[in-house]
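> Attaching a single structure in structure tokens format; questions to follow.
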Amino acid sequence: MCCMVKQKEKFKVECPDCEKEIVGFSKHHAKQNLIIHQRTSEMCKQIKRLLQKNQKLREINKKRIKELPDIKKICLNCEKEYLTKFDYQKYCCGKCREENNSKEYKGLHEDRIIAAKKLNNQKIKIMIPENTLCVDCKVKKAEHRHHEDYSKPLDVTFLCRSCHKRRHKVNYKHYDYNKKSN
């Protein structure tokens, strides 16, 4: 006959602040664990308060959005008419937004795309030699590869991040680097 081991029953208590289940081997042990949990995790009270505030704010915002009038707009990508509550919205759906953004990128940076395809077709990756310093500032380590002319994809200068960004600001004055994308 095999030896039967009786499993101890676990007692559970729920934290009133964060609703976490606290376990103990007896009622007394579970209550002690709850007290320790509440003392050590002042965070659970703060989290509960923040969640309640966020829930109230979400409900208020939902009501405000429902009260806004519908605006008829035309999608910049598919040219379908759609209703929205937001004046800044340009596209009827996420798919149209992504399609249009990729068209804009391809239009602005066609030379970059062609250079990248040439390198990929030849299976060439230009590696930055170890401990190479930036060509411009000669202080920081070079982390970026910069093409002055995309028609010569193998002609690359090695730059640090800040110098690379500075070169692009000079070359691409039309591009707003501080603009946030949707």
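Just so you know, all these numbers are worked out from the coordinates, no wet-lab data involved. Note that the structure is predicted; figures quoted are calculated from it, not measured. Cβ sites come from the backbone with ideal geometry, for glycine too, and all protein chains shown count toward neighbours.
To keep it simple, each residue is scored yes or no on (1) exposed (fewer than 11 other Cβ atoms within 10 Å of the Cβ); (2) part of a helix (DSSP H, G or I); (3) among the charged types (D, E, K, R).
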site	(1), (2), (3)
Gln32	no, yes, no
Arg39	yes, yes, yes
Gln46	no, yes, no
Lys53	yes, yes, yes
Leu57	yes, yes, no
Lys63	yes, yes, yes
Pro69	yes, no, no
Lys73	no, no, yes
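> Check off (1) of a type in the set (A, V, I, L, M, F, W, C); (2) out of contact with any His (no Cβ under 8 Å at 6 or more places or on another chain); (3) surrounded by 10 or more Cβ atoms within 10 Å (Cβ to Cβ) for Met127 and give me the number that stays unchecked.
Met127 satisfies every listed condition except (3).
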